[in-house]
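Notes for the one structure printed next.
The values are calculated or read from the model by the stated rules, or taken from the named source; none is laboratory data. Values in this document were obtained by computation on a predicted structure and should not be read as measured data. Because the Cβ atoms are built from the backbone with ideal geometry, glycine has one as well, and the counts that use them run over all protein chains shown. Ligands, DNA and RNA are stripped out before the accessible areas are found, and what is left, the full protein with its side chains, is counted by its heavy atoms. Shrake-Rupley method; radii C 1.70, N 1.55, O 1.52, S 1.80 Å.
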Amino acid sequence: MLVGFLVLGKDAVSVTPPNGDILDGFEIQGLEMLGSTSDSHVGRRRTHDPRKEVIQAWYMDDSDEDQRLPHHREPKEFVSLKQLEELGVLSWRLDADNYETDEELKKIREERGYSYMDFCEVCPEKLPNYEEKIKNFFEEHLHTDEEIRYCVAGSGYFDVRDQNDAWIRVWVKKGGMIVLPAGMYHRFTLDSDNYIKAMRLFVGDPVWTPFNRPHDHLPARKEYLQAFMQKECEILILKYSRNVWFLGLNNQFGLGLAHIAQSCYAYGYVVSDLYPLLCLVLVDRRMNKTGCATYASGLFFFFPLSILTIF
């Protein structure tokens with residue numbers, strides 16, 4: 001549960017949001033996420049991210065069908081690489097055809113201390129005890145060290161848990177490299193092509209021991225939760241227009257408040273000539289930001305002092 005405050009001053013000036021969906025096509029740039037003047041647009045347009053061509057992620061359905069199927073929800077709910085980073089999952093796009101001489105890979109290994117390297121081919125023809133191992137890979141587990149996988153051929157699914165314990169499926173194709181942090185529950189399976197060749201990297205001597213869930217008592221798990229699931233409060237003061245200020249507990253909530261304000265403006269809500277409005281908003285992480293904005297915009301029309309909880 002996240003908590004934050006939205007204060008609209010008496011002389012605040014309304015702002016016209018960008019065309020299209022609220023904040024769609026924009027990215028956060030620290031305190032620049034919100035314009036400092038009344039006529040500025042939010043953020044700046046994203047540049048092309050080559051990682052998206054080899055790494056995609058989405059929320060999974062609850063079906064018991066073949067684990068190698070995509071298992072999209074209906075409608076589909078995609079997850080951005082930024083959202084994965086917030087869970088601790090790092091990613092790169094590299095030159096898989098020239099991994100032996102790739103300077104970028106060399107730089108990553110040197111910076112992160114990945115001294116060990118080998119390859120693992122997962123397919124019925126090349127992996128001994130294939131049926132047993134693919135079953136073990138798909139058991140939810142964690143490691144006490146990072147899991148680094150660089151796909152140099154084929155493709156596969158790495159499933160990870162979000163803040164609410166929902167499964168996110170991460171599809172890694174040739175050229176994609178991901179790092180799953182120590183202490184993160186996850187699992188792996190092939191996709192319907194039934195083949196992946198992955199480079200495995202490790203700091204020092206490799207330790208592949210999986211700890212099947214539950215192993216919440218392990219120090220690695222506690223450290224992961226503290227680092228990515230229970231972040232300490234970070235007070236942000238973000239200016240949207242002259243007298244509209246957002247106080248949030250983290251960047252995610254600040255973005256949610258930006259959605260709320262822009263939704264108000266989109267629905268014709270003008271804050272000039274009104275008495276100061278203070279609203280305490282409790283937003284559940286599972287509510288998407290557009291939905292949050294829609295509910296909150298209606299609230300701001302009618303309640304000068306309100307508490308809103310969205311589940």
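Some values worked out for this structure:
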item	result
Subset of region 100-128 that is in a loop (DSSP other than H, G, I, E, B) and under 27 Å from the mean Cα position of the chain (by Cα) - its residue that is surrounded by the fewest Cβ atoms within 10 Å (Cβ to Cβ)	Gly113
Qualifying residue in region 34-52 (condition: touching a Ser or Thr at 6+ places or on another chain (Cβ under 8 Å), in a helix (DSSP H, G or I) and at pLDDT 95 or above)	yes
All positions within region 195-205 that are more than 26 Å from the chain's Cα centre (by Cα) and over 17 Å from Val54 (Cα atoms)	Gly204, Asp205
Residue count, region 148-170 (criterion: open to solvent by 20 Å² or more (accessible area, probe 1.4 Å) and farther than 18 Å from Met229 by Cα)	3
All strands (runs of 3 or more DSSP E) inside region 159-223 with 2 or more residues being among the small types (Gly, Ala, Ser)	none
Matching residues in region 171-218 - criterion: being out of contact with any Cys (no Cβ under 6 Å at 6 or more places or on another chain), under 11 Å from Glu146 (Cα atoms) and surrounded by 16 or more Cβ atoms within 10 Å (Cβ to Cβ)	Ile178, Val179, Leu180, Pro181, Ala182, Gly183, Met184, Leu201, Phe202
